[in-house]
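Nothing in this text is a laboratory measurement; each read-out follows from the coordinates by a stated rule. Source: prediction; values computed, not measured. No Cβ is skipped: glycine too gets one built from the backbone with ideal geometry, and neighbour counts run over all protein chains shown.
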């Protein structure tokens, strides 16, 4: 049986930290679905379609990665796609607390799902989409925090 995990997030934008978690996830799972959550009430830096283009470009040479946009509950997407595992990255204790609470809630609503948490490599602990967005809005160059070959200006 193929092991597929959903790696959900807003990925606004997709950073080296996200890439590190996804690569570690590919060591565990046969396939990875990167689910870009779309929340119509939130205005992000990048349009959801542009986020998907960026992630597809990062994984252009990795056939085991699929990128999808979705609205609604992550568990509903998992059911729709027959996915039984959610992949999450943990940078710190705040991430752990949040993900533990989400896992407990998911266990009640979507008992067939399990969450697999992977620690973010130490070099990427300070990297966050929020930090990258702030650098961009202040006119800085966030390239050091982004996957190789990504020029964020192409996606703005």
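Here are the numbers:
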| item | result |
| --- | --- |
| Distance between region 114-135 and region 1-71 - C-alpha centres, whole angstrom | 14 Å |
| GNM top mover of 13, 63, 111 - the chain, alpha-carbon springs below 10 Å | 63 |
| Largest-first principal axis extents of the Cα set of region 84-156 (Å) | 44, 24, 20 |
| Spin-label pair residue 97/residue 1, simplified geometry with 7 Å Cα→Cβ offset, distance in nm | 3.5 nm |
| Contact order relative to length of region 4-149, as percent, for alpha carbon pairs under 8 angstrom and 6 or more apart | 33 percent |
| P(r) histogram, all alpha-carbon pairs of the chain included - 5 Å bins from 0, percent | 2, 9, 19, 22, 23, 16, 8, 3, 1, 0 |
| Nearest-ten-degree value, helix 48-58 long axis tilted from longest Cα axis of the chain | 90 degrees |
| 0 to 90° range, to nearest 10: angle between helix 16-28 axis and the chain longest Cα axis | 30 degrees |
| Degrees between helix 93-109 axis and first principal axis of the chain (Cα, 0 to 90, nearest 10) | 40 degrees |
